[in-house]
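Engineer: The structure follows.
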Amino acid sequence: MPAKPDILVLFAHLAIGRSRINRAMLDAVRDLDRVVVHDLLEAYPDFYIDVAAEQARLREIDLLVIQHPVYWYGVPAIVKHWLDTVLTGGFAFGADGGALRGKALLQACSTGAPASAYRNAGLHGLPVGELFVPLASVARFCGMTWLSPLVLHGGHGLPDEVIGAHARTYRQRLADYAHDGAAPLDAEA
């Protein structure tokens, strides 16, 4: 009997049919026994999120993965809306909230621009790590362990073998987490 899923991949992509990277990443982890993929845009095309169902999902997991392409320096709008409506006081934080305490959060994302565009003198004028501050702050505020993000840059022009290697790295990272039952060594305090 397969193990109970304890890794939730919260996925959002506005045009998954045209995505080579995020589609490859999803395909690489979908069949892992302890992973559940939850496509937010498929589940909530109208953005009316079932808060009780989402909170129930979160209670059952150990690792929350937010997988997405970077849009305008952040997460897709539905991810922000999900965070706003699901991670409420009394559930995720506050005196009566602690449902996420001790769990981990991993951001797995892709960018269209090369890594060189994400530096002070680059096209985007800031290091890519600064884009992750909001989710890292959410994790810390909710008592979660923030894991080092998994990022693939330059998505628009990457060869299939680079995308495949990245997808295999993603799969291995989730498989190792599920196997070890604890935060990987790249967890950030």
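Engineer: Report, by residue number, each residue of region 92-137 that is assigned to a strand (DSSP E or B) and either in contact (Cβ under 8 Å) with a residue 60 or more places away in the chain or in contact with a Ser or Thr (Cβ under 6 Å, 6 or more places away or on another chain) (or both).
Structural biologist: A104, L106, A108, S110
Engineer: List the pairs whose first member sits in region 1-22 and is over 20 Å from A165 (Cα atoms) and modelled with pLDDT under 85, whose second member is of a type outside the set (G, A, S) and in a strand (DSSP E or B), and whose Cβ atoms are under 6 Å apart, counting only residues at least 6 apart or on separate chains?
Structural biologist: P5/V36
Engineer: Considering each residue of region 7-34, count those that are in contact with a Leu (Cβ under 7 Å, 6 or more places away or on another chain) and more than 24 Å from T111 (Cα to Cα), and give that number.
Structural biologist: Number of matching residues: 1.
Engineer: Here's something else I'd like to know. Determine whether region 37-49 contains at least one residue that is among the small types (G, A, S) and closer than 14 Å to A99 by Cβ.
Structural biologist: No; the residues of region 37-49 include none that is among the small types (G, A, S) and closer than 14 Å to A99 by Cβ.
Engineer: Quick one: in region 45-69, of everything that is open to solvent by 30 Å² or more (accessible area, probe 1.4 Å), in contact (Cβ under 8 Å) with a residue 24 or more places away in the chain and under 16 Å from F11 (Cβ atoms), which residue is nearest to the chain's Cα centre (by Cα)?
Structural biologist: Out of the qualifying residues, it is R57.
Engineer: Within region 115-148, take every residue that is touching a helix residue (DSSP H, G or I) at 6+ places or on another chain (Cβ under 6 Å) and either of a type in the set (D, E) or modelled with pLDDT under 95 (or both) and give me the one that is surrounded by the fewest Cβ atoms within 10 Å (Cβ to Cβ).
Structural biologist: Residue satisfying both the conditions and the ranking: L123.
Engineer: Now for a separate question. Going by the structure shown, is K80 open to solvent by 30 Å² or more (accessible area, probe 1.4 Å), at pLDDT 90 or above and at negative phi?
Structural biologist: yes
Engineer: Also, quick follow-up: Out of region 138-167, which residues are touching a residue at least 12 places away in the same chain (Cβ under 8 Å) and assigned to a loop (DSSP other than H, G, I, E, B)?
Structural biologist: C142, G143, M144, S148, P149, H153, G154, L158 - these are the residues of region 138-167 that are touching a residue at least 12 places away in the same chain (Cβ under 8 Å) and assigned to a loop (DSSP other than H, G, I, E, B).
The values are calculated or read from the model by the stated rules, or taken from the named source; none is laboratory data. Because the structure is predicted, anything quoted here is derived from the model rather than measured. As a convention, Cβ positions derive from the backbone with ideal geometry for all residues, glycine included, and neighbour counts pool all protein chains shown. To get the accessible areas, we keep the full protein, side chains included, count just its heavy atoms, and leave off ligands, DNA and RNA. Shrake-Rupley method; radii C 1.70, N 1.55, O 1.52, S 1.80 Å.
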